[in-house]
């Protein structure tokens with residue numbers, strides 16, 4: 001896991017008692033295990049248990065609904081950490097973490113993590129992190145690397161247009177949902193966009209389509225994103241003048257935008273493949 005801005009300490013691993021152990025650099029520049037303060041614990045989304053001054057995944061009280069052994073198919077269950085309200089996950093390998101409210105994920109490899117409220121992902125390799133529903137994530141790390149230091153991510157954006165306005169396409173075709181590029185990370189990307197006409201009274205025919213690819217890179221320098229890319233039309237049939245797709249950024253959101261034509265109903269879908277490096281330093 002990368003260091004959060006303003007902190008010199010970060011989570012390293014979770015022990016068999018669900019306690020989060022942190023690490024920091026000592027004066028000699030060597031990483032050593034340490035116990036976090038309350039602020040350092042909660043800054044990374046964990047719970048600080050004041051009664052014994054321990055940082056844990058979740059507080060162990062009756063208000064949490066922990067899964068029964070039959071709720072998930074887990075191999076080497078004792079070596080994986082499975083949080084509350086998790087159901088129908090398939091887990092192979094060791095040292096994985098499902099935080100909470102995770103459903104229908106497939107996890108293999110070792111030391112992978114699925115964030116809260118993330119479902120329907122496939123995650124494999126070593127030290128990968130799934131942060132988005134319906135994504136495919138591969139971690140290309142050794143076990144001593146930071147979480148998600150190097151990983152590949154595949155996901156889908158979608159929307160529909162009826163005129164020539166430029167509009168956002170949305171992650172999983174869910175309005176207002178976008179993939180977020182973490183602080184102090186860089187990604188290369190390849191987008192494959194298809195737009196197909198399904199209705200409307202304008203010129204042309206049902207089934208007219210345009211296919212567009214865009215490749216480039218985006219970097220998040222301490223919360224400020226910049227992007228560079230190039231675009232190619234790879235398929236074009238029928239009356240598609242003015243149809244276009246383009247990438248962009250807003251805040252930490254990765255945008256996929258599309259533009260159709262007046263009086264034409266067009267369905268859009270974009271597959272996006274990212275290669276990500278989380279640098280672990282303030283850029």
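The values are calculated or read from the model by the stated rules, or taken from the named source; none is laboratory data. This is a predicted model, so every value here is computed, not measured. Positions of Cβ are generated from backbone atoms using ideal geometry, with glycine treated the same way; all protein chains shown enter the neighbour counts.
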Matching residues in region 245-283 - criterion: being over 15 Å from residue 157 (Cβ atoms) and part of a strand (DSSP E or B): 265, 275, 276, 277, 278
If you check residue 175 against the conditions, is it outside the structural domain of residue 243 (by TED's automatic domain parsing) and not in a strand (DSSP E or B)? no
Verdict on residue 210 being out of contact with any helix residue (DSSP H, G or I) (no Cβ under 9 Å at 6 or more places or on another chain), touching a residue at least 12 places away in the same chain (Cβ under 8 Å) and in a strand (DSSP E or B): yes
Can you find, within region 117-151, the residue that is farthest from the chain's Cα centre (by Cα) among those that are under 20 Å from residue 177 (Cα atoms) and outside any loop (DSSP other than H, G, I, E, B)? 122
Is it true that residue 99 is closer than 21 Å to residue 56 by Cβ and in contact (Cβ under 8 Å) with a residue 40 or more places away in the chain? yes
Conditions: (1) buried (at least 18 other Cβ atoms within 10 Å of the Cβ); (2) on the phi < 0 side of the Ramachandran plot; (3) free of Cβ contacts under 8 Å to residues at least 40 places away in the same chain. Residue 106 meets all but one. Number of the miss? (1)
Residue 226 being exposed (fewer than 12 other Cβ atoms within 10 Å of the Cβ) and either out of contact with any helix residue (DSSP H, G or I) (no Cβ under 7 Å at 6 or more places or on another chain) or part of a strand (DSSP E or B) (or both): yes
Of everything in region 8-30, what is assigned to a loop (DSSP other than H, G, I, E, B), touching a strand residue (DSSP E or B) at 6+ places or on another chain (Cβ under 9 Å) and either modelled with pLDDT of 80 or more or at positive phi (or both)? Give them in sequence order. 8, 18, 26
Can you tell me which of 198, 167, 234 is more than 26 Å from residue 136 (Cα to Cα) and either in a strand (DSSP E or B) or touching a helix residue (DSSP H, G or I) at 6+ places or on another chain (Cβ under 7 Å) (or both)? 198
Among the candidates 159, 126, single out the residue that is over 23 Å from residue 193 (Cβ atoms), out of contact with any helix residue (DSSP H, G or I) (no Cβ under 6 Å at 6 or more places or on another chain) and modelled with pLDDT of 95 or more. 126
